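Bear in mind these aren't lab numbers, they're just calculated from the coordinates by the rules spelled out. As the structure is a computational prediction, the values presented were derived from the model and not from experiment. Please note: Cβ atoms are built from the backbone with ideal geometry, for glycine as well, and neighbour counts cover all protein chains shown.
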Amino acid sequence: MLNTAWCYFLYLYGLFIDSLSVCDTKDRLSASHINRTQFPLQYMGRWHFLAAAAHPKSQDLEIFKVMDNAQFTVQESAQREKLEFTASIRVKDGSCVPRRWIYLLSEGSTELRTEGHSDRLTELFSCHCSDCIILKETDNSTNRLLLYSRSSQLEEGCMDEFKRKSNCEGYKDILLIPQTLEHCHLNN
């Protein structure tokens, strides 16, 4: 009887601790709906890369430390299962670096795959801030959270939300993209 009571106590204690969790999983978006007729406008178009977060002492933020700003355009591909990304990155030395890549959409999947990087998963998370989205990238060597916005300037409190999400995921190192230089021309 004492054993049964102890098991019930531990079960209830576990439920209580879970209810206190600050990580909210209902903000995860389904990538399988990105290119369907009701959702494209929500994701397509221009985005600004504003911040990244990673685990302490990892190298996952190094690639972003040379950036001053970055703009991305998301477009549907002629092939329904692909999204085309075009980026224009302003490096701190003033130079512009163009980039292109393709995300692959799988029917029924909740994440994106990067063409040419079959091990990389990208999960999408909604944000309470209007016109923002959070991406989580993971693969064999990468584990980071990225913040994008339709505007180069965030609404008040949006960065706090990104920091809470980062902390919840265990990402303690946060890098803000400076955005002090003029944006590079974005070729579509």
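Rounded to 0.05, the FRET efficiency of the Met44 and Ser95 pair, given R0 = 25 Å and the Cβ-Cβ distance, is 0.35. Cα-Cα pairs above 21 Å in region 24-176: how many percent? When all Cα pairs of region 24-176 are counted, 44 percent exceed 21 Å. Cα centroids of region 86-107 and region 41-58: 12 Å apart.
Equivalent ellipsoid of region 103-188: semi-axes from √(5λ) of the C-alpha gyration tensor, largest first, are 23, 18, 14 Å.
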